[in-house]
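Please treat every number below as a calculation from the coordinates, not as lab data. Given the structure is predicted, the values throughout are model-derived calculations rather than measurements. Virtual Cβ from ideal backbone geometry, glycine too; neighbours counted across all protein chains shown.
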Amino acid sequence: MYNKAKEMYARIGVDTEKALETLKNTTVSIHCWQGDDVVGFDSKEALSGGIQTTGNYPGKARTPGELMADYELAMKLTPGKKKINLHASYAIFKDGVFADRDALKPEHFAVWVDFAKKNGLGIDFNPTYFSHPMVKDGLTLSSPDEEVRKFWVEHGKRCLEISEYFANETGIPCVMNIWIPDGYKDIPADRLSPRQRFAQSLDEILSIPYDKTKVFVTLESKVFGIGLEAYTVGSAEFCMNYVNTRHITPLMDNGHYHPTEMVSDKISSMLLFNEKVALHVTRPMRWDSDHVVLFDDETREMMKEIVRADAIDRVFIATDYFDASINRISAWVTGLRSVQKALLYALLEPASLKALQERGDFTQLMVRQEELKTMPMGAVWEEYLKREGVTEDYYSEIKKYEDVVLKERK
Ligand code: RNT
Ligand code: ZN
């Protein structure tokens with residue numbers, strides 16, 4: 001089947017071998033937080049910040065050991081190059097010696113470094129500005145309360161240090177993404193001051209020296225959150241202007257825009273004006289619901305934009321979703337495989353489509369684009385899985401693990 005597919009793609013000017021080679025070498029950063037519904041290990045606070053997991057599927061990871069075991073199974077069942085994306089709330093304290101978020105140190109992540117090395121993974125990182133008692137009135141870096149603001153500035157600085165430690169230990173650059181939930185439920189009287197304070201806080205965090213070839217700081221914008229419907233401090237315009245004036249990297253999460261705005265359409269513009277662009281790939285359904293990523297139109301369109309711009313090495317691709325209503329390991333694998341499938345689909349697009357657009361042949365462009373949808377991409381994908389030594393049917397193995405391991409977690 002693969003040989004036949006290879007032939008068919010060759011006929012339209014696509015080299016499937018080249019596509020598979022590129023796919024194999026493209027890193028996707030896998031969020032750790034799908035495994036335990038964004039709970040983490042450092043506090044007993046409920047999930048806050050206007051994000052939500054829904055569902056109560058049995059077997060969620062409760063300890064570092066459980067999360068690591070589940071993550072390893074998910075990795076084993078997915079092809080390609082990966083990185084692990086950690087949140088500061090996943091710090092692991094030895095002998096129960098707790099450190100608050102403003103006092104985190106590299107040593108609190110040493111177990112994760114061992115884990116990453118053992119699995120040949122790079123590490124990405126996120127300061128955690130939610131699910132913590134120092135989030136006051138829903139505010140962190142934009143808080144008018146100096147004690148609160150300073151606490152979170154310190155957290156950011158500590159995280160920068162930890163990010164550099166990850167890069168040094170793994171030899172792979174670390175993407176450190178800043179996202180804050182700050183905002184208001186109802187119409188504010190002052191939209192400017194919180195944004196001024198947020199900018200000041202970010203400046204303070206970024207004022208400590210760090211190696212910019214090892215740590216890429218990204219800033220993630222958002223349109224609204226649950227309970228923060230009226231106003232978000234870190235809006236799209238705030239973040240875009242901030243990253244451009246401070247020369248850090250923008251991060252677009254495709255759940256963070258109005259429903260008719262598409263991140264796929266934004267990628268080319270962002271690439272024109274930024275050396276690097278970062279993505280959180282998710283699936284928003286009616287709102288920023290963070291459903292498991294599927295092989296759907298928008299995921300394909302985003303990957304196409306990256307490939308068409310020849311920008312695979314300029315875009316940091318990371319997953320970000322959290323479904324608690326289904327088997328969490330399956331959620332990981334399905335989402336990650338979907339991103340990779342979409343990437344393969346994009347890599348199998350003939351370059352000749354661009355020329356059709358340039359010469360205004362929109363009739364043929366439509367015909368060729370439609371033709372592509374039923375090309376035998378599935379056969380190329382299966383060949384990829386075979387070469388990577390992973391099976392098409394991951395469900396059976398996950399089900400076995402659920403029956404033996406997850407069912408015991410009461
Ligand atoms: C929230 C943002 C953010 C979080 C993670 C857990 O809307 O998407 O990226 O999902 O930091
Ligand atoms: Zn995100």
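A few points about this structure:
- Summing Lys and Arg as +1 and Asp and Glu as -1 over all other residues whose Cβ lies under 9 Å from the Cβ of M252 gives a net charge of -1.
- Each peptide in 185-198, 220-233 gets a packing score, the mean of other Cβ atoms within 10 Å over its residues, and the list from highest to lowest is 220-233, 185-198.
- Fully extending the segment from D393 to N56 would add 118.9 nm, taking 0.36 nm per residue of separation and subtracting the current Cα-Cα distance.
- Two-site label geometry, V405 and E229: point separation in nm, points 7 Å out along Cα→Cβ: 4.1
- Placed amide H near M252: partners under 5 Å, 5+ positions off or other chain: A278, L279, H280
- Among 22-34, 273-285, sorting by the average number of other beta carbon atoms lying within 10 angstrom of each residue, highest first, gives 22-34, 273-285.
- Taking other Cβ atoms within 10 Å as a rough exposure proxy, I172, I205, I162 sort from fewest to most as I172, I205, I162.
- Choice from A309, A331, A346 with maximal GNM fluctuation in the chain (Cα, 10 Å cutoff): A309
- Ranking V404, G378, V293 by how far each Cα lies toward the positive end of the dipole of the chain (charges on Cβ) leaves G378 at the top.
- Within the listed set D137, D253, D320, the Gaussian network model of the chain (springs between alpha-carbon atoms below 10 Å) gives the highest mean-square fluctuation for D137.
- In this simple spin-label approximation, Q369 and Q196 carry label points 7 Å from Cα along the Cα→Cβ vector, and these lie 4.7 nm apart.
- For E72, net neighbour charge (Lys/Arg +1, Asp/Glu -1) across residues whose Cβ lies under 14 Å away: +1
- Taking K399, K83, K341 as the candidate residues, the one with maximal mean-square fluctuation in a Gaussian network model of the chain, Cα springs under 10 Å, is K399.
- Overall form of region 238-309 per C-alpha gyration tensor (a/c, 1.5; a/b vs b/c): oblate
- Span-like helix criteria (full DSSP H runs; alpha carbon extent of at least 24 Å along the helix axis; mean Kyte-Doolittle hydropathy of at least 0.5) are satisfied in the chain by 328-347.
- Sites H247 and E161, calculated FRET efficiency, Cβ-Cβ separation with R0 22 Å, nearest 0.05: 0.65
- Per principal axis, descending, Cα span of the chain in whole Å: 65, 53, 38
- Placed amide H near M176: partners under 5 Å, 5+ positions off or other chain: F125, F216, V217, T218
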